[in-house]
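Here the structure comes first, spelled out in structure tokens, and everything after it is commentary.
Taken together, the values in this text are just the output of simple stated rules run on the coordinates, not laboratory data. For clarity, every value in this text was computed on a predicted model and none was experimentally measured. All Cβ positions, glycine included, derive from the backbone under ideal geometry; neighbour counts span all protein chains shown.
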Amino acid sequence: MARLDAEPFALEIDPGALGLVVIDMQRDFMEPGGFGASLGNDVSLLRAIIPAAARLIEGFRAAGLPVIHTRECHRPDLSDLPPAKRDRGAPTLRIGDPGPMGRVLIAGEPGADIIPELCPKAGEVVIDKPGKGAFHATNFGDVLKEKGLRQLVFAGVTTEVCVQTTMREANDRGYECILATDATESYFPAFKQAAIDMIRAQGAIVGWTASTDQIREAIG
Ligand code: TIU
């Protein structure tokens, strides 16, 4: 066991049951012309976390701990895309439309790829998910059980959408969740801070927060 100097209080880490979940670090959210930009967001904000996310991933790999990646994307025939998601709002491109990085948010298209800086290594699990949360309509829960994980560190984008949704799903399923505050980002800085605050309020009601350095120290 190792002690993680986290907020709102320190947490005992069991390295045998700890994994990293990197949420949706895809070109569709991080680069111009993708899904995030189609919704009217300034995607350049997200790129600042790439070095911290890379160091976190390296730390887990060096410690021999599992790294699981997720991608938000849909089947090419759109059979897993609810009309309520496709038809929402007035984006410049809808999910499935052809864009500069291929069809927006579709599995197998360039935009759905994880950015090259954080490319999964051979053997690392990549979960394609049609929802914001990683448990919905995927085998994510089975993968966590197979790997014997009980504690999950979260990184990725965006903090208050896919990261927080997945943390909440995991928290309800009995996992202890830790958000790496410098390896997650939102298009809305105030929403990132609000998500951090609400996760660790009320005695870690959703989970803990810690920096990449603090997490690396605990697993090193
Ligand atoms: N729009 C937004 O902030 N996020 C998403 O749609 N997906 C994820 O967070 N991955």
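Some notes on this structure:
- Considering the range 67-89, and only residues there that are within 16 Å of the ligand (Cβ to nearest atom) and among the charged types (D, E, K, R), the residue that is farthest from the chain's Cα centre (by Cα) turns out to be Asp87.
- Residue list for the range 141-157, restricted to those being part of a loop (DSSP other than H, G, I, E, B) and out of contact with any Asp or Glu (no Cβ under 7 Å at 6 or more places or on another chain): Lys147, Gly148, Leu149
- Output for the range 162-185, where each listed residue is in a helix (DSSP H, G or I), within 14 Å of the ligand (Cβ to nearest atom) and crowded, with 21+ Cβ neighbours inside 10 Å: Cys162, Val163, Gln164, Thr166, Met167
The rows are residues; the columns are (1) polar (S, T, N, Q); (2) assigned to a helix (DSSP H, G or I); (3) more than 16 Å from the chain's Cα centre (by Cα).
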residue: Glu12; (1), (2), (3): no, no, yes
residue: Gly19; (1), (2), (3): no, no, no
residue: Gly33; (1), (2), (3): no, no, yes
residue: Gly36; (1), (2), (3): no, yes, no
residue: Gly40; (1), (2), (3): no, no, yes
residue: Leu46; (1), (2), (3): no, yes, no
residue: Leu65; (1), (2), (3): no, no, yes
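- Boolean, Ile23 is out of contact with any Leu (no Cβ under 6 Å at 6 or more places or on another chain), closer than 23 Å to Val104 by Cβ and within 11 Å of the ligand (Cβ to nearest atom): yes
- Residue in the range 87-97 that is in contact (Cβ under 8 Å) with a residue 60 or more places away in the chain, in contact with a helix residue (DSSP H, G or I) (Cβ under 7 Å, 6 or more places away or on another chain) and surrounded by 16 or more Cβ atoms within 10 Å (Cβ to Cβ) present: yes
- Among the residues of the range 38-51, just one is farther than 16 Å from Val163 by Cα, buried (at least 16 other Cβ atoms within 10 Å of the Cβ) and out of contact with any Phe, Trp or Tyr (no Cβ under 9 Å at 6 or more places or on another chain), namely Ser38.
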